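Novice: Take this structure, written in structure tokens, and hold onto it; I'll ask about it next.
The values are calculated or read from the model by the stated rules, or taken from the named source; none is laboratory data. Bear in mind the structure is a predicted one, so any value in this text is a computation, not a measurement. Heads up, the Cβs are rebuilt from the backbone with ideal geometry, glycines too, and the neighbour counts pull from every protein chain shown.
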Amino acid sequence: MQKIHVMIAEDELMARKELTYLLTEEEDVELCPSAESGEQLLQLYREYEPDVIFLDIHMPGISGLEAAQQLIDQAVHVPPLFIFTTAYDEYAIKAFDLEAVDYLLKPFDELRFQKAMKRLRNQIKQRERKLMEPYVSNSTSTGPAKLLIDDGERTVVLSPDMIYFAMPHKRMLEIHTKDRAILSRMTLQELEKKLVGHPFFRTHRSYLVNLNYIKEITPWFNGTSNITLKDIEHIQIPVSRTARKMLFKMFENNH
């Protein structure tokens, strides 16, 4: 059974306890540590990367709505899903402006909670299908056959299949082949766009990897992993927990 990793962000102790009880009754839910403020949520999210956040709209410091917007803006692959909690139903419109799965009024009603969980599971399935669409294997690549890489002093002509991975370094982008690193002034996002149609995947905010050169994936901590590449085994490339799920699904779908 695939677990749904859930985080509660709620400054009221009784509300946290009530949500914790309801969620621990769900067999497919794994709870992450809870946050008591918007600032703590942003910190814990970077460490645990939950799939879903039950998020109180009103919290001290950064509000739940503000924290949700920051997580959406910073997402590499997909932001977490949100179920907002509030004592005031007039905030429901603001919650749905952020494409929330649902919202729950305090005190929580168990039947209403179950309805939100059903909606959540359906949305998770729809999101996973949509995320896999760009990575369905094709017999031929649809991206450009050659790339022009400008490092500010010269232009290098490079085939996409020569690239093993790319990562930012200081103010430059390092594009690694089997035996050298080519510097470029383009950003990782710009390179990713140029490589659409080729088997490249963002395993982490700072790494773009050629799927054809992955040798093995080893577990690390909190559901994250490291990738070892063929031919350059001294390089360990981090894989976020969200990316790890997508990566395994991609390999399953392509075999």
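Novice: What are the residues in the stretch 168-214 that are in contact with a Leu (Cβ under 6 Å, 6 or more places away or on another chain) and small (Gly, Ala, Ser), if any?
Specialist: Listed by number, the list holds a single entry, Ser184.
Novice: So, one more: Any residue in the stretch 104-122 that is closer than 13 Å to Leu19 by Cβ sitting within a Cβ distance under 6 Å of a residue that is charged (D, E, K, R) and surrounded by 19 or more Cβ atoms within 10 Å (Cβ to Cβ)? List the pairs, counting only those 6 or more apart or interchain.
Specialist: Every condition considered, the pairs that remain are Phe108/Glu18; Ala116/Asp102.
Novice: Okay, moving on. I'm checking my understanding of the structure. Among residues of the stretch 86-116 that are among the basic types (Lys, Arg) and touching a helix residue (DSSP H, G or I) at 6+ places or on another chain (Cβ under 7 Å), which one is modelled with the highest pLDDT? Walk me through how you get there before you give the answer.
Specialist: In the first step, residues of the stretch 86-116 are kept if they are among the basic types (Lys, Arg); the result is 94, 106, 112, 115.
Then keep just the ones that are touching a helix residue (DSSP H, G or I) at 6+ places or on another chain (Cβ under 7 Å); that gives 94, 106.
Working: Lys94: 67, Lys106: 90.
In this case the residue turns out to be Lys106.
Novice: Quick one: how many residues across the stretch 158-193 are exposed (fewer than 14 other Cβ atoms within 10 Å of the Cβ) and among the β-branched types (Val, Ile, Thr)?
Specialist: 1
Novice: Mind checking which strands (runs of 3 or more DSSP E) fall wholly inside the stretch 178-255 and carry at least 1 residues that are within 25 Å of Glu47 (Cα to Cα) and in contact with a helix residue (DSSP H, G or I) (Cβ under 6 Å, 6 or more places away or on another chain)? Even if it seems obvious, please write down each step before you answer.
Specialist: Values: elements: 181-184, 200-204, 207-210, 214-219, 225-229, 236-239.
Hits in the stretch 178-255: 200-204, 207-210, 225-229.
Novice: Residue under question is Ile62, and the condition is that it be assigned to a loop (DSSP other than H, G, I, E, B) and closer than 21 Å to Arg205 by Cβ; does it hold? Step through it out loud before you land on a result.
Specialist: Values: assigned to a loop (DSSP other than H, G, I, E, B): yes; closer than 21 Å to Arg205 by Cβ: yes.
The answer is yes for Ile62.
Novice: Restricting to the stretch 207-231, what's the tally of residues that are closer than 22 Å to Val78 by Cβ, touching a Pro at 6+ places or on another chain (Cβ under 9 Å) and modelled with pLDDT of 90 or more?
Specialist: Initial filter on the stretch 207-231 (closer than 22 Å to Val78 by Cβ): 207-211, 214, 217, 219-227.
Next cut, touching a Pro at 6+ places or on another chain (Cβ under 9 Å) only: 207, 210-211, 220, 224-227.
Adding the requirement that they be modelled with pLDDT of 90 or more leaves 207, 210-211, 226-227.
Within the stretch 207-231, residues that are closer than 22 Å to Val78 by Cβ, touching a Pro at 6+ places or on another chain (Cβ under 9 Å) and modelled with pLDDT of 90 or more number 5.
Novice: Against the definition (in a helix (DSSP H, G or I), touching a residue at least 60 places away in the same chain (Cβ under 8 Å) and surrounded by fewer than 17 Cβ atoms within 10 Å (Cβ to Cβ)), how does Glu47 come out, yes or no? Walk me through it before giving the result.
Specialist: Details: in a helix (DSSP H, G or I): yes; touching a residue at least 60 places away in the same chain (Cβ under 8 Å): yes; surrounded by fewer than 17 Cβ atoms within 10 Å (Cβ to Cβ): yes.
Yes, satisfied.
Novice: Within the stretch 192-225, restricting attention to residues that are closer than 21 Å to Thr177 by Cβ and hydroxyl-bearing (Ser, Thr, Tyr), which residue is nearest to the chain's Cα centre (by Cα)?
Specialist: Residues of the stretch 192-225 closer than 21 Å to Thr177 by Cβ: 192-204, 206-216.
If we keep only those that are hydroxyl-bearing (Ser, Thr, Tyr) as well, we get 203, 206-207, 213.
On the way: Thr203: 9, Ser206: 12, Tyr207: 13, Tyr213: 22 Å.
In this case the residue turns out to be Thr203.
Novice: Something else: Look at the stretch 13-44 and say how many of its residues are within 15 Å of Ile62 (Cα to Cα) and assigned to a loop (DSSP other than H, G, I, E, B).
Specialist: Filtering the stretch 13-44 down to residues within 15 Å of Ile62 (Cα to Cα) leaves 35-44.
Those still in the list that are assigned to a loop (DSSP other than H, G, I, E, B) too: 36-37.
Of the residues in that region, 2 qualify.
Novice: Return the only residue of Leu120, Leu148, Leu131 being among the aliphatic types (A, V, I, L, M), surrounded by 14 or more Cβ atoms within 10 Å (Cβ to Cβ) and at pLDDT 75 or above. If you could, list the steps in order and put the result at the bottom.
Specialist: Working: Leu148 fails: surrounded by 14 or more Cβ atoms within 10 Å (Cβ to Cβ); Leu131 fails: at pLDDT 75 or above.
Going through Leu120, Leu148, Leu131 in turn, the sole match is Leu120.
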